[in-house]
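The values are calculated or read from the model by the stated rules, or taken from the named source; none is laboratory data. No experiment lies behind these values; they were computed from the predicted model shown. A quick note on method: Cβ atoms are made from the backbone with ideal geometry, for glycine too, and the neighbour counts reach across all protein chains shown.
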Amino acid sequence: MKLEKSRRIIRVAKKILPGGSTFNKTAFFDEGKTPFCLVKGNKSEVTDIDGNNYTDFMNGLGCNLLGYNIGFINRAVEKEINNGCLLPFASDLEIQVAKKLKKLIPSAEMVRFGKNGSDVLTQAVKLSRYCTNKKHVIFGGYHGWHDWVIGSSSRSGGIPEAEKKISHKFIFNDFNSILKLHKKLNGNIACIVMDLVARYYPEKNFLKKVRDFCSKNKILLVFDEIVTGFRINKGGAQTFFKVTPDLSCFGKAMGNGMPISALVGKKQYMKKFNDVFYAMNFVGEKASLAAAKVTLDYYLKNDVAKEINKKGNFLSTQLKKIIKKYKLNNFIQIQGMSSRIIIGFKNNLDSDFLKKKSADIDQIVRFMIQTFAENKILCNLSVFINKSHSKKDLTKFAKIFDQICYKISNSKV
Amino acid sequence: MIRLNKNKLFLKGYKNLIPGTKIFDRFDPFMIGQTPYFFKKGKGSYSWDIDNNKYLDFHMSLGSIILGYSHEKVNHSAKKQLLKGMTFSLMNDLEIETARKMIKMIPSAEMVRFGKNGSDVLAAGVRLARYITKRDKVISCGWHGIHDWSLANTSRNYGIPNEIKKLSLKFEFNNIESLHNLIKKNKNEVACIVMDLCAKYYPKKGFLNEVKKIAKKNKILLIFDEIITGFRLHPGGAQKYFGVTPDLSCFGKGLANGFPLSALVGKKRYMRKANDLFYSLTFAGESISLAAGSTALDIYNDLKLSKELENKGNYLINKLQKAIDENSLNDNIKIYGMPCRPIIEIKHYSKNLSIKKTLSLNLIKDFAKKKILYNGSIFICKTHTLKELNYMSLIFNEVLEKNKKYFK
Ligand SMILES: Cc1ncc(COP(=O)(O)O)c(C=O)c1O
Ligand SMILES: Cc1ncc(COP(=O)(O)O)c(C=O)c1O
């Protein structure tokens, strides 16, 4: 595999872009043994700068749910580029997209748009603080890069102590950890922010308990559906698990690669945006709204979620079989959900998404990522299934995984 | 007269679905029915609302448009990139191409980190400064986006906890004493000074150098907000225009002439530290905006462009001032800001705020009737012609004449 250009670009990138680029896109990809820089995508295939093709299971960190270069989306985007993608004030596209979100998502009575997932999650926190007149935030996982999330991670540099003292992490599926925080904080909790499936499914009754607890204690329940939205079910995880949040956040797959996100929720809270200030220059940008419009329309008319879950189910069954075959059950674990499989490690239940894994595990992760790449598969162990993946793509993935597990079980790593 | 039937109809639906105002305009969309709110097309200096009214546009998406709406070359690059993909799984070489151009043009830029919103990169800059200085407080003096540290300094600081508010301090532009005092009072607690260089006023002679000196002496990072000034005032930003180089600076808005792109740039010894922190966005490398930005930067990298904007602005300001003089409204209407972005402010000595508001609305309404989109802040773009500027000042005169009586 030729990687000369990628290697050259790593050197340049590290000189002028801190870290070489966005964190999740560079970890283990900046060692010269994998592609580093992509230049083109088509359906489930991407091309790196050296001209190598890969089947992509990263999918732009989950945003390309339909695959790359989708004709009908491109046409919608091109039309708005021609019309001028940023115009004064508002456009009727906002109304159209809001209406489609409302159709798809049960709790969406009103809508505000953003660009990043982080934008709308942080606005949800601000809105909750205002609506409840309370201060503390408790949250379950990764919800973007803003201070209230990163303050409790291992990369919390530059975040004021004052912020760290008012945002707290609870343990997913451990309702007691919420009760404990509630007691410790004297009930001064504005909202609970959580995703419904990151590594694990919610245990029976967990969500219901959280929902009831929030209602009883006047805490707003905010669902982070940035990953689960349109993926686990076209109506999001809230539809799948039949729990209704007060506010929820969507992004990533909403525009199939165009930068757009949305905060949706109950009218009684959302209308407080008449006081709470949220206005950014690019949130009405029309090329992304147009992409969202036709993408959501597609989700409405075709059960894409069902299709990718079926594909993912097929794959995860294969992967589990392989793990069993090589007796690696006590080490490697298939986590996540069918449409986004996480190849995880047992005994590594720490939910700090940034903490360095033990050196051994780092070594294995590196080996996996690089072996996948050698075999023309792009995978960072967070496996996003998209609609364009063919059975052949999935079978190939399983085959390489088999080789990887074989080597691991024979300690060839 | 303009017909705004569809505008009125759509607003009802909009208000039921989308709460609050999306943009910063000093006036809420309650004006609807009298002025347009929904737009469908823009080309050069003109925009079209959904009732198909065509306006000579000085709004320019609040300054995100420098070259005119729907610029041919910029669009061409964006559309070419569209066929290759939008957001990739790994980095894309356009990040490097665009970063390199910024590094060439902007004095303080040795490394670059992209974002989508201006607010993103300003918050990233503040976090970096807090990390480097190991201090928490931030001093600023204008509008720097929606995040807590910035919003805390405004009157609409709802939903921000007190302990966070306390970390944000405000100084007065062009008042070096106010800065001195703040820093003295908060000795060894201030991480950075965030400021734009030319919002309403030009910096007084020596002011910026003095700020830089104070920052350096107290080991405070200096961050310039070039969201509006960048590429408009000078290809190298206000920092180049005024000859003062900050530690970090933030660009957005016009960076990609309407495509959503922003950037934090700065000196290597600071930017390198960003690697210890966590600033990561799924869409930060979204390639269509980068392609647009890269092409826009090529066009911006020409002193003639900023000179042209300045000349046009000066030409217009002269004419507007004349109209103000002729209507003897010098005590009531004042023009501030840079020539490429004149700000027209109305002073009304009546204590009755609603009169002032009505008056401002009247102006906007009357301009709209004459098919000019104006909201007090005038953004000059490359495609504005002298003829268009003449028309603008003619209507300005008419509008003033008509509304003169309300000032008394
Ligand atoms: C669950 C979850 N929430 C929020 C985010 C933040 O979204 P963005 O990167 O668009 O700001 C992510 C992104 O990876 C995510 O996975
Ligand atoms: C000077 C200045 N800084 C920052 C911002 C924030 O940028 P954005 O709205 O893209 O977040 C703005 C936006 O209008 C601005 O004018």
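Pick out the one residue from A:GLY187, A:GLY257, A:GLY265 that is touching a Gly at 6+ places or on another chain (Cβ under 9 Å) and not aromatic (Phe, Trp, Tyr).
Details: A:GLY187 fails: touching a Gly at 6+ places or on another chain (Cβ under 9 Å); A:GLY265 fails: touching a Gly at 6+ places or on another chain (Cβ under 9 Å).
When all the criteria are applied, what remains is A:GLY257.
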Exercise. What residue, of A:ARG155, A:ARG112, is within 12 Å of chain B (Cβ to nearest Cβ), surrounded by fewer than 24 Cβ atoms within 10 Å (Cβ to Cβ), within 16 Å of ligand 1 (Cβ to nearest atom) and over 16 Å from B:ASP148 (Cβ atoms)?
Worked result: A:ARG155
Exercise. Out of (1) part of a helix (DSSP H, G or I); (2) among the small types (Gly, Ala, Ser); (3) within 7 Å of chain B (Cβ to nearest Cβ), the odd one out for A:ALA124 is which?
Worked result: (3)
Exercise. For segment A:66-90, how many residues meet the condition of being hydroxyl-bearing (Ser, Thr, Tyr) and more than 9 Å from chain B (Cβ to nearest Cβ)?
Worked result: 0
Exercise. What are the residue pairs meeting all of these: first residue in segment A:273-284, first residue in contact (Cβ under 8 Å) with a residue 60 or more places away in the chain and within 16 Å of ligand 1 (Cβ to nearest atom), second residue of a type in the set (A, V, I, L, M) and in a loop (DSSP other than H, G, I, E, B), Cβ atoms under 9 Å, and 6 or more apart or on different chains?
Worked result: A:TYR278/B:ILE146; A:MET280/B:ILE23; A:MET280/B:ILE146; A:PHE282/A:LEU86; A:PHE282/B:LEU261; A:VAL283/A:ILE260; A:VAL283/B:ILE23
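Just to be sure, is A:ASP30 out of contact with any Cys (no Cβ under 8 Å at 6 or more places or on another chain), surrounded by 18 or more Cβ atoms within 10 Å (Cβ to Cβ), more than 21 Å from A:PHE367 (Cα to Cα) and in the same structural domain as A:ILE400 (by TED's automatic domain parsing)? Show your work before the answer.
Details: out of contact with any Cys (no Cβ under 8 Å at 6 or more places or on another chain): yes; surrounded by 18 or more Cβ atoms within 10 Å (Cβ to Cβ): yes; more than 21 Å from A:PHE367 (Cα to Cα): no; in the same structural domain as A:ILE400 (by TED's automatic domain parsing): yes.
No.
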Seminar exercise, completed: Per the filter on segment B:112-126, residues away from ligand 2 (no atom under 11 Å from the Cβ) and either touching a Phe, Trp or Tyr at 6+ places or on another chain (Cβ under 7 Å) or aromatic (Phe, Trp, Tyr) (or both) are B:ARG113, B:PHE114, B:ALA124, B:VAL126
Seminar exercise, completed: For segment B:134-152, pairs from a residue that is within 18 Å of B:ALA199 (Cβ to Cβ) and within 16 Å of ligand 1 (Cβ to nearest atom) to a residue that is modelled with pLDDT of 95 or more and not in a loop (DSSP other than H, G, I, E, B), with Cβ under 6 Å and 6 or more apart or across chains, are B:GLY145/B:GLY118; B:GLY145/B:SER119; B:GLY145/B:LEU122; B:ILE146/B:SER119
For this session: Mind listing whichever residues of segment A:152-170 are at pLDDT 95 or above and within 20 Å of the chain's Cα centre (by Cα)?
Result: A:LYS169, A:PHE170
Problem set entry | Any chance B:ALA323 is hydrophobic (A, V, I, L, M, F, W, C) and within 14 Å of chain A (Cβ to nearest Cβ) | no
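Only one residue in B:SER70, B:SER64, B:SER77, B:SER108 is within 16 Å of ligand 2 (Cβ to nearest atom) and either closer than 30 Å to B:ILE395 by Cα or more than 8 Å from every other protein chain (Cβ to nearest Cβ) (or both). Which one?
Values: B:SER70 fails: within 16 Å of ligand 2 (Cβ to nearest atom); B:SER77 fails: within 16 Å of ligand 2 (Cβ to nearest atom); B:SER108 fails: within 16 Å of ligand 2 (Cβ to nearest atom).
Answer to the check: B:SER64.
Taking the options A:ILE159, A:ILE150, name whichever one is away from ligand 2 (no atom under 16 Å from the Cβ), in contact with a helix residue (DSSP H, G or I) (Cβ under 7 Å, 6 or more places away or on another chain) and not small (Gly, Ala, Ser).
Numbers: A:ILE150 fails: in contact with a helix residue (DSSP H, G or I) (Cβ under 7 Å, 6 or more places away or on another chain).
Exactly one of A:ILE159, A:ILE150 is away from ligand 2 (no atom under 16 Å from the Cβ), in contact with a helix residue (DSSP H, G or I) (Cβ under 7 Å, 6 or more places away or on another chain) and not small (Gly, Ala, Ser), namely A:ILE159.
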Exercise. Does B:LEU281 fit the bill of being in a strand (DSSP E or B) and within 16 Å of ligand 1 (Cβ to nearest atom)?
Worked result: no
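In segment A:176-260, which strands (runs of 3 or more DSSP E) lie fully inside it and hold 2 or more residues that are at pLDDT 95 or above, within 14 Å of chain B (Cβ to nearest Cβ) and within 13 Å of ligand 1 (Cβ to nearest atom)? Don't jump to the end; show me each part of the working.
Numbers: elements: A:189-194, A:220-224, A:247-250.
So the answer is A:220-224, A:247-250.
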Exercise. Is at least one residue of segment A:91-105 at the interface with another protein chain (Cβ under 7 Å from one of its Cβ atoms) and within 16 Å of ligand 1 (Cβ to nearest atom)?
Worked result: no
Problem set entry | Filter pass, B:SER289 being among the hydroxyl-bearing types (Ser, Thr, Tyr), within 20 Å of the chain's Cα centre (by Cα) and within 16 Å of ligand 2 (Cβ to nearest atom) | yes
Exercise. Can B:GLY254 be described as in contact with a Phe, Trp or Tyr (Cβ under 6 Å, 6 or more places away or on another chain) and more than 16 Å from ligand 1 (Cβ to nearest atom)?
Worked result: yes
Problem set entry | In segment B:90-132, the residues that are of a type outside the set (Gly, Ala, Ser), within 21 Å of the chain's Cα centre (by Cα) and within 16 Å of ligand 1 (Cβ to nearest atom) | B:ARG113, B:PHE114, B:LYS116, B:ASN117, B:ASP120, B:VAL121, B:LEU122
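Each row is one residue, and each column tells you yes or no for (1) buried (at least 17 other Cβ atoms within 10 Å of the Cβ); (2) of a type outside the set (D, E, K, R); (3) touching a Ser or Thr at 6+ places or on another chain (Cβ under 9 Å); (4) at pLDDT 95 or above.
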{"position": "A:GLN333", "(1), (2), (3), (4)": "yes, yes, no, no"}
{"position": "A:GLY336", "(1), (2), (3), (4)": "yes, yes, yes, yes"}
{"position": "A:ARG340", "(1), (2), (3), (4)": "yes, no, yes, yes"}
{"position": "A:ILE343", "(1), (2), (3), (4)": "yes, yes, yes, yes"}
{"position": "A:ASN348", "(1), (2), (3), (4)": "no, yes, yes, no"}
{"position": "A:LYS357", "(1), (2), (3), (4)": "no, no, no, no"}
{"position": "A:ASP360", "(1), (2), (3), (4)": "no, no, no, no"}
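Taking helices (runs of 4 or more DSSP H) that fall entirely within segment A:267-349, which contain at least 1 residues that are within 14 Å of chain B (Cβ to nearest Cβ)? Explain how you work it out, then say what you get.
On the way: elements: A:267-270, A:286-301, A:304-325.
The helices (runs of 4 or more DSSP H) meeting that bar are A:267-270, A:286-301.
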